[in-house]
Amino acid sequence: MSELQYNNTDNLTLSQIVRDDFHAAKVLEKYHLDFCCKGNRLFGEACKEKGLSSNEILAEIENQKSAIKNGIKFDQWELDFLVEYIINSHHKYIKENGPGIGAHIEKVAIVHGKNHPETIDIAKLYSIIHKDLKQHLMKEEEILFPYIKYLVKVKTGNAPLETPYFRTIANPIKMIEAEHQSAGDIFEQIRNITNNYAIPEDACNTYRLSYNELNEFELDLHQHVHLENNILFPKAIELEKKLFSKDM
Ligand SMILES: [Fe+2]
């Protein structure tokens, strides 16, 4: 079974994607991307028509695959456990790899910027996204995630219910989701500029490495955002509602 690759997946048909890995079917069905009767349509085009980001759908497929392979059911985990998982896997990944990727792409921009001016733009975009993400992780780890863990404590009777200073979790989540969106937009720009991380013939090893690293970073970010936007946040909103409605 071949692994789905980000590069050029937009040019695969919907049925090819499911043929590659049947786990993709569940995700395509969820977004009404018909891989049976209209299976010969290109994945990228079908997503575009429905106003969907093909990268985000792919990230969801990847999550689905790794979760199934490892027997993980993220949506059945307790929220405090999911929070710890996100911090220890995805946040850790950004903290450990973010600075090195920045150093590599900056070096590439200095050495190859003359022949490949796009590398200068990429270095600039990456430095923006990396700086933004550092702030973003801090907000999650210092404000939003502790509150989610607190909600779990209230649920299990280990803390009294109190209204947070931000009134409802929906408020910080709104801000965090907007930041996810802008991070995704910047990476989409990088993907477009690099033509899906296509490595030019005259690329040196650092050039090659930095494009591969950026590609992997984007994939990890999509999986990370998927866990938060689609599982953690809706469940936390629901839990808060339930706790406060009981209290009334
Ligand atoms: Fe996060």
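Residues checked against (1) in contact with a strand residue (DSSP E or B) (Cβ under 8 Å, 6 or more places away or on another chain); (2) more than 16 Å from the ligand (Cβ to nearest atom); (3) not basic (Lys, Arg):
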site: Asn158; (1), (2), (3): no, yes, yes
site: Arg167; (1), (2), (3): no, yes, no
site: Ile176; (1), (2), (3): no, no, yes
site: Gln181; (1), (2), (3): no, no, yes
site: Gly184; (1), (2), (3): no, no, yes
site: Phe187; (1), (2), (3): no, no, yes
site: His222; (1), (2), (3): no, no, yes
- [ ] Filter the stretch 197-222 for residues that are free of Cβ contacts under 8 Å to residues at least 24 places away in the same chain and buried (at least 17 other Cβ atoms within 10 Å of the Cβ) and give the result.
- [x] Tyr211
Task: helices (runs of 4 or more DSSP H) completely within the stretch 150-248 that count 2 or more residues being in the same structural domain as Val111 (by TED's automatic domain parsing) and basic (Lys, Arg) - done: 170-193, 233-247
Task: Close pairs (6 angstrom Cβ cut-off, 6 or more residues apart or separate chains): modelled with pLDDT under 95 in the stretch 68-94, β-branched (Val, Ile, Thr) and in a helix (DSSP H, G or I) anywhere - done: Phe74/Ile231; Asp75/Ile231
Open item on the list: Need pairs with beta-carbon distance below 6 Å; first residue under 18 Å from Glu78 (Cα atoms) and within the stretch 154-166, second part of a loop (DSSP other than H, G, I, E, B); sequence gap 6+ or separate chains.
Closed with: Val154/Leu161
Open item on the list: I'd like to know if the stretch 120-132 contains one or more residues that are buried (at least 19 other Cβ atoms within 10 Å of the Cβ) and within 12 Å of the ligand (Cβ to nearest atom).
Closed with: no
- [ ] Could you give me the residue pairs with C-beta distances under 6 Å whose first residue belongs to the stretch 178-196 and is acidic (Asp, Glu), whose second residue is not in a loop (DSSP other than H, G, I, E, B) wherever it lies, and which are 6+ apart or on separate chains?
- [x] Glu179/His136
Open item on the list: Filter the stretch 70-102 down to the residues that are more than 14 Å from the ligand (Cβ to nearest atom) and exposed (fewer than 14 other Cβ atoms within 10 Å of the Cβ) and list them by number.
Closed with: Asn70, Gly71, Ile72, Lys73, Asp75, Gln76, Glu78, Phe81, Glu96, Pro99, Gly100
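The values are calculated or read from the model by the stated rules, or taken from the named source; none is laboratory data. What you see is a predicted model, and the numbers here were worked out from it, not measured in a lab. As a convention, Cβ positions derive from the backbone with ideal geometry for all residues, glycine included, and neighbour counts pool all protein chains shown.
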